[in-house]
1. In nanometres, what is the gap between the two model label sites at A:Ala300 and A:Leu183, each 7 Å from Cα along Cα-to-Cβ?
2. Please list B:150-161, A:92-103, A:138-149 highest first by mean number of surrounding beta-carbon atoms within 10 Å per residue.
3. Give, as ranges by residue number, the residues of region A:107-138 whose backbone N falls under 18 Å from the point 7 Å along Cα→Cβ of A:Ala69.
4. Calculate, in nm to one decimal, what B:Ala129 and B:Lys195 gain on full extension: separation in residues at 0.36 nm each, minus their alpha carbon distance.
5. Looking at the square roots a ≥ b ≥ c of the eigenvalues of the Cα gyration tensor of chain B, which shape do they give, rounded for a/c under 1.5, prolate if a/b is larger than b/c, or oblate?
6. Need the full-extension length gain, A:Trp91 to A:Trp321, defined as separation in residues times 0.36 nm minus the C-alpha distance. One decimal, nm.
7. Give me the one-decimal nm value for the distance between modelled label points at A:Ala275 and A:Leu9, 7 Å along each residue's Cα-to-Cβ direction.
8. Are any of the pairs A:Lys116/B:Lys190; B:Lys34/B:Lys195; B:Lys100/B:Lys156 more than 23 Å apart by Cα-Cα distance, and if so, which?
Amino acid sequence: MLTMSRPLLRFLLLFVLSLTGALPASAADLFGHPEAPPAAAGLTPQPPSSARVMVLPAPVADILGRALAVQSRLNAELRGELQDAKRSGSWQPALAIVFISFLYGVFHAAGPGHGKIVVGSYFLTQRARLLHGFAMSGMAALVQAVSAVLLVSLLAVLLDLGSGQLLAYAANLETASYGVITLLGLWMAWGVLRPRPCCDHAHQPGHGHGAHQTPPLSDLARLLATGAAVGLRPCSGAILVLLFTLANEIYPVGILATFAMGLGVAVTVSAVSLATFGLHRSLAVLGGGRHALADRLRQAAALAGAVAITLFGLLQLLGIWSGVITPMAG
Amino acid sequence: MIGLALALASGPKAEAHPHVWVDTVVTAIFSQGKVTSLREEWWFDEDFTVTALSDIRKTKGMSRVAIRPLTEGEIGQLRAQAFSNLANYAYFTHVWAAGKPIAVAREVTAFQARMDGARLAYSFTLPLAAPQDPRAGPLRIGVWDDSYYVDVGPAKGLAPQVEGDGSQGCAARIIDDKDHLLYFGAVTPKAMEIKC
């Protein structure tokens, strides 16, 4: 427990600092749109036509559309069950709430976001074991649930802030999340570039690679830290459910639902890590018997992954600072 | 991988799956044979209702966002905090006359807010930039959020209406608007089409 308390303290510190940080996060209004200053009186510009936006190929768009429809249905069911829970004052709808929230988490995470880019990039390019995929995904989902509950509990319960201010603080958390992701990407790149004693010697015939498959302990720490960084940004859906249950005096039910959602998110993100992990393994085979070449390829892939994650974090940060991206609009 | 990240980061809010659901019904108001304004009614989901009310009702913190009629002051606050920013987004209202986009006014008239059960409901009248004649070509009116953070759709069981001087012989119906797909092409919004 003692060894866990330092990272835990660091996380809590980061959480609180992010909340109080004076980052220029222009949060979204209640409709997920940036609060733009009123333009000159007169006519509104026609909103940007959807024709300019990239359109996915038909089968993918179809699947995404169906996932969205299921997600909306689940959310409506969840709201219905939450109202039943409030009315009846009993815990009977709790099982339905947990189940629906879990399913909602699964489908909600299927859309863009929730750490799939970071997790996918990681397992596509870095040396890792299968279980690490579940570890990182689980960490990201758990931290995301905790982040939402902490945020609402601290700001709405203790400080009695309204939802508008809550979303503004959540926006700070999102910005901090991308900041940490960027730093971790750099740390990963450093881990690839710095010389490693174990792999510098020439390869002897018969020299098994089994021993090289286990990543050193610092990789595991980096992996979990990446998961935590992704989860720092709380899920808007969870926040709304928590606020609803808080207002209707069934807050514990909301917390339960949030963690059930987190479990669902963990399942979907784990699936992504599994898929990219499998891809990584099959690509590794392509190195063939040429160990030196395979090692070089592996190093290059690992570096590419670290760079991708760094760039992702940086792009999001730049997007938020320049106003192109509105935090918490999702 | 980088290209994907770039695309998703620059597209319409990559994480914007819906978090607010709105049911709407629209009435096209005619004057001298042309559509001059739209009367819109919106019903919000219960989560959004609580979220919006929590900002303006401070009875014992969040724990009692009571479902009771709104006061005049509260309606004004709702308009300021949970509506007026939509002026920058044309109140989600897209209009095409024979395929040509038509602008709408920045300010609405006759704004009202009320509680309909556990759901917050708005109604308002949105004037068009210029009167449009549906006899010159079909008039299409779609109320949706381009970023799909808000899932706006026609209320079930309530048909769009036409009324006013010169609306006789015109009919409105709901269509799937395949010309204006949302969210990377995954969502086909519904629009109201008026033909005379």
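The values are calculated or read from the model by the stated rules, or taken from the named source; none is laboratory data. Predicted model only: the values in this text are computed from it and were never measured. So basically every Cβ, Gly included, is an ideal-geometry build from the backbone, and we count neighbours across all protein chains shown. With ligands, DNA and RNA removed, areas are computed over all heavy atoms of the protein, side chains included. Shrake-Rupley method; radii C 1.70, N 1.55, O 1.52, S 1.80 Å.
1. 3.2
2. For the peptides B:150-161, A:92-103, A:138-149, the packing ranking is A:138-149, A:92-103, B:150-161.
3. A:107-108, A:110-111
4. 21.8 nm
5. It is oblate, given that a/c is not under 1.5 and a/b is not larger than b/c.
6. Values: separation 230, 0.36 × 230 = 82.80 nm, distance 4.43 nm.
Here the segment from A:Trp91 to A:Trp321 would lengthen by 78.4 nm.
7. 4.1
8. On the way: A:Lys116/B:Lys190 31 Å; B:Lys34/B:Lys195 12 Å; B:Lys100/B:Lys156 28 Å.
In this structure, A:Lys116/B:Lys190; B:Lys100/B:Lys156 lie more than 23 Å apart at Cα.
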